[in-house]
Amino acid sequence: KEIEQKCPRVDITFTEGKMTEEELFKAYEETDYVLVTSTIEAGPMSVVEAISMRKPVIAPHVGWCWEYPVIKYGSTKNLIETINKLSFNNNDWEERVKGCIKGIEKIYGEV
């Protein structure tokens, strides 16, 4: 709940291990990031599933998560900061990228 309240531009889907294989595949297809919220786990398999679907993973130091290329978080506060940095309003992302390109062009010439 805290994450949903403090990250208003984010839609969160919880699978809770109750989806069929087809529903799970569709959920991964429609997802921008996979968030691991487990605090005690040997795996979790969602990391491998997400990577196989070419989806970035946000994960705490649980199981073997950090042995994979994941976006790491260490606390709820850190997670909320990370999610808010990754989410943008409307075309914010495009505008920020254009700003970066302009800055790079000033330094290195046209990209």
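Placing a pseudo-label 7 Å from each Cα along the Cα-to-Cβ vector at Cys100 and Thr20 gives an inter-label distance of 4.0 nm. Computed from phi, the 3J(HN,Hα) profile of the range 15-29 under the Karplus parametrisation 6.51, -1.76, 1.60 (θ = phi - 60°) reads 8, 6, x, 10, 8, 6, 4, 5, 5, 5, 4, 5, 4, 4, 4 Hz, with x in place of Gly and Pro. The C-alpha radius of gyration of the range 24-80, expressed as a fraction of 2.2 N^0.38 Å, stands at 1.05.
Each value in this text was obtained by applying a stated rule to the coordinates, not by laboratory testing. Keep in mind that this is a model prediction, so the values were computed, not measured. Note that each Cβ is placed from the backbone with ideal geometry, even for glycine, and that neighbours are counted across all protein chains shown.
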